[in-house]
Amino acid sequence: MAEERPLTRVTCTAPVNIAVIKYWGKRDEELVLPINSSLSVTLHQDQLKTTTTVAISRDFKEDRLWLNGKEDDIGHPRLQSCLREIRRLARKRRSAGNGSSTNDNAPPLSLAYKVHIASENNFPTAAGLASSAAGYACLVYTLAKLYDVDGELSEVARQGSGSACRSMFGGFVQWIMGEQADGKDSIAQQVAPETHWPELRVLILVVSAEKKPVGSTAGMQTAVKTSPLLKHRAEVVVPERMAQMIEHIQKRNFEAFGELTMKDSSQFHATCLDTFPPIFYLNDTSKQVIALVHRFNAHYGKTKVAYTFDAGPNAVLFTLEDTVEELVEVVKRSFPPKNNGDQFLKGLPVKGATLPEEVLSAVVTDPVPGAIRYLLLTKAGPGPMLVEDANCHLLGADGLPQSSSSS
Ligand code: DP6
């Protein structure tokens, strides 16, 4: 009976992803249907993750939401879409007669009960690292566990934020654009698991940006309306590139993977410049990083490092394990930290490297002190996960945020 379970809590975590073939532009704003397919690498949750607890109780008066410990508006239409869709799937599953709970033998939770949701990131939201993808993926995954729903969850996460559908899987993930008007075929699929390419490393350069750029949702709306390059990209360029990128990943061909990643990032930013009025996401530091990567690759006569940039100035670099130490040293020398020297490099540990003189003179040409706030080294990682440890709930037994936040 419901009285025996006054409060049920479920906590899950979900990853951030970085696209190597970019999603930019919707054909349906409400359902979040894209004008082209896209492909991303899911980043490891040891470095970047969102944690979400959902609590449900018949005593709750209303649905409520806390983001990073602060109460927020639960009425956001995208969030409401996710809640509605998961509750619809739960209803459907129950009416089909297979709604037994996986948690225990308890009766299914009432769909009429209200929920409390708390979500936090293990990285600063202000750093401009795509937090909406991890956030919505985590919300949908946690709600699905709570209501004991499975099936096509990427379709629900997509309605929170397009890129969130790709965070529903680990490793290398494609979001197939689909054709149907109802979006049922616009789903994410794993191309290869995170174990497929263990040498691949991801170095995030968080730049010291002064102003917040135009948001993705608004930016892509104007781009769809005004950029002929974006139309050409979606219709002609991306379909070819998706097939190529999948092959490069399957073959673990770093040079081809890296080159295509850089080209696709630049074409996305070219569509931003082709938007009217134009949008600039790259700043001077971003451009200095691009030049640095090309000098590094030119020095070695092959693509050993690749960059990609989303809707902001931060750079995400891909490389292989054997190049990490040297790359980190080159980046440190090129963007010497102003004050937080010892906290400049976060994430996976890196041994210090001594740079050969010829690398220094060829690659580290004109250092810009303070332009980069910090570096974060990570790798590909798994998809969303259930947290079994009851001590990790972000909401207490009273359904309110635990006072000691772990961030
Ligand atoms: C540049 O998924 O944030 O990061 O669907 O409007 O929420 P909405 O946009 P969002 O856009 C991400 C754009 C991108 C490229 C990518 O991740 O593919």
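The values are calculated or read from the model by the stated rules, or taken from the named source; none is laboratory data. Note that the structure is a prediction, hence the values are computed from the model and not measured. Using ideal geometry, Cβ is built from the backbone for each residue, glycine included, and neighbour counts are taken over all protein chains shown.
Taking residue 122 as meeting all but one of (1) touching a residue at least 60 places away in the same chain (Cβ under 8 Å); (2) buried (at least 19 other Cβ atoms within 10 Å of the Cβ); (3) more than 12 Å from the ligand (Cβ to nearest atom), write down the number of the exception.
Of (1) touching a residue at least 60 places away in the same chain (Cβ under 8 Å); (2) buried (at least 19 other Cβ atoms within 10 Å of the Cβ); (3) more than 12 Å from the ligand (Cβ to nearest atom), only one is false for residue 122: (2).
Check 6, 34, 15 and return the single one that is touching a Ser or Thr at 6+ places or on another chain (Cβ under 9 Å), of a type outside the set (Lys, Arg) and within 12 Å of the ligand (Cβ to nearest atom).
34
Of the residues that make up the stretch 243-257, is at least one among the small types (Gly, Ala, Ser) and at pLDDT below 95? Don't jump to the end; show me each part of the working.
Our first condition is that a residue be among the small types (Gly, Ala, Ser); within the stretch 243-257, this holds for 243, 256.
From the residues that got through so far, the ones that are at pLDDT below 95 too are none.
No, because not a single residue in the stretch 243-257 is among the small types (Gly, Ala, Ser) and at pLDDT below 95.
Taking residue 195 and the conditions (1) in contact with a Phe, Trp or Tyr (Cβ under 8 Å, 6 or more places away or on another chain); (2) β-branched (Val, Ile, Thr); (3) surrounded by fewer than 17 Cβ atoms within 10 Å (Cβ to Cβ), which numbered condition does it fall short on, given that it satisfies the others?
(1)
Counting only residues that are modelled with pLDDT of 95 or more, within 13 Å of the ligand (Cβ to nearest atom) and not aliphatic (A, V, I, L, M), give me the helices (runs of 4 or more DSSP H) lying completely in the stretch 143-241 with at least 1 of them.
153-158, 216-226
Would you mind telling me which numbered condition in (1) touching a residue at least 40 places away in the same chain (Cβ under 8 Å); (2) touching a helix residue (DSSP H, G or I) at 6+ places or on another chain (Cβ under 8 Å) residue 182 fails?
(2)
Just wondering, is there one or more residues in the stretch 380-398 that are under 28 Å from residue 283 (Cα atoms), outside any loop (DSSP other than H, G, I, E, B) and touching a residue at least 24 places away in the same chain (Cβ under 8 Å)?
Among the residues of the stretch 380-398, at least one is under 28 Å from residue 283 (Cα atoms), outside any loop (DSSP other than H, G, I, E, B) and touching a residue at least 24 places away in the same chain (Cβ under 8 Å), which makes the answer yes.
Quick one: count up the residues across the stretch 44-68 that are more than 16 Å from the ligand (Cβ to nearest atom) and part of a loop (DSSP other than H, G, I, E, B).
11
Give the residues of the stretch 311-330 that are under 23 Å from the mean Cα position of the chain (by Cα) and assigned to a helix (DSSP H, G or I), sorted by residue number. Can you show your working first?
Initial filter on the stretch 311-330 (under 23 Å from the mean Cα position of the chain (by Cα)): 311-321, 324, 328.
Answer for the stretch 311-330, where residues must be under 23 Å from the mean Cα position of the chain (by Cα) and assigned to a helix (DSSP H, G or I): 321, 324, 328.
With the requirement that a residue be in a strand (DSSP E or B) and surrounded by fewer than 24 Cβ atoms within 10 Å (Cβ to Cβ), what does the stretch 30-43 give you?
33
Within the stretch 322-355, take every residue that is touching a Pro at 6+ places or on another chain (Cβ under 8 Å) and charged (D, E, K, R) and give me the one that is nearest to residue 371 (Cα to Cα).
That would be 338.
Listed residues 386, 394, 360, 377; which is over 25 Å from residue 194 (Cα atoms), among the aliphatic types (A, V, I, L, M) and at pLDDT 95 or above? Talk me through it step by step, then tell me what you get.
On the way: 386 fails: over 25 Å from residue 194 (Cα atoms); 360 fails: at pLDDT 95 or above; 377 fails: over 25 Å from residue 194 (Cα atoms).
So the residue among 386, 394, 360, 377 that is over 25 Å from residue 194 (Cα atoms), among the aliphatic types (A, V, I, L, M) and at pLDDT 95 or above is 394.
Considering the stretch 275-321 alone, what residues qualify as being touching a Pro at 6+ places or on another chain (Cβ under 7 Å) and not polar (S, T, N, Q)?
Result: 281, 282, 311, 312.
Can you give me the number of residues within the stretch 135-179 that are touching a Cys at 6+ places or on another chain (Cβ under 7 Å), aromatic (Phe, Trp, Tyr) and in contact (Cβ under 8 Å) with a residue 60 or more places away in the chain?
So the count comes out to 2.
Can you give me the number of residues within the stretch 171-201 that are within 19 Å of residue 261 (Cβ to Cβ) and of a type outside the set (Asp, Glu)?
14
Residues in the stretch 87-110: is at least one within 16 Å of the ligand (Cβ to nearest atom), at pLDDT 75 or above and within 29 Å of the chain's Cα centre (by Cα)?
No.
Restricting the search to the stretch 310-341, which residues are more than 23 Å from residue 268 (Cβ to Cβ) and of a type in the set (Ser, Thr, Tyr)?
Answer for the stretch 310-341, where residues must be more than 23 Å from residue 268 (Cβ to Cβ) and of a type in the set (Ser, Thr, Tyr): 323, 334.
For the stretch 365-376, which positions are buried (at least 19 other Cβ atoms within 10 Å of the Cβ) and in contact with a helix residue (DSSP H, G or I) (Cβ under 7 Å, 6 or more places away or on another chain)?
Applying the first criterion (buried (at least 19 other Cβ atoms within 10 Å of the Cβ)) to the stretch 365-376 yields 371-373, 375-376.
Hits for the stretch 365-376 are 371, 372, 375.
Can we say residue 27 is within 16 Å of the ligand (Cβ to nearest atom) and surrounded by fewer than 21 Cβ atoms within 10 Å (Cβ to Cβ)? First the steps, then the outcome.
On the way: within 16 Å of the ligand (Cβ to nearest atom): yes; surrounded by fewer than 21 Cβ atoms within 10 Å (Cβ to Cβ): yes.
Yes, satisfied.
Does residue 279 satisfy the criteria of being out of contact with any Asp or Glu (no Cβ under 8 Å at 6 or more places or on another chain), within 16 Å of the ligand (Cβ to nearest atom), aliphatic (A, V, I, L, M) and in a loop (DSSP other than H, G, I, E, B)?
For residue 279, the condition - out of contact with any Asp or Glu (no Cβ under 8 Å at 6 or more places or on another chain), within 16 Å of the ligand (Cβ to nearest atom), aliphatic (A, V, I, L, M) and in a loop (DSSP other than H, G, I, E, B) - is met.
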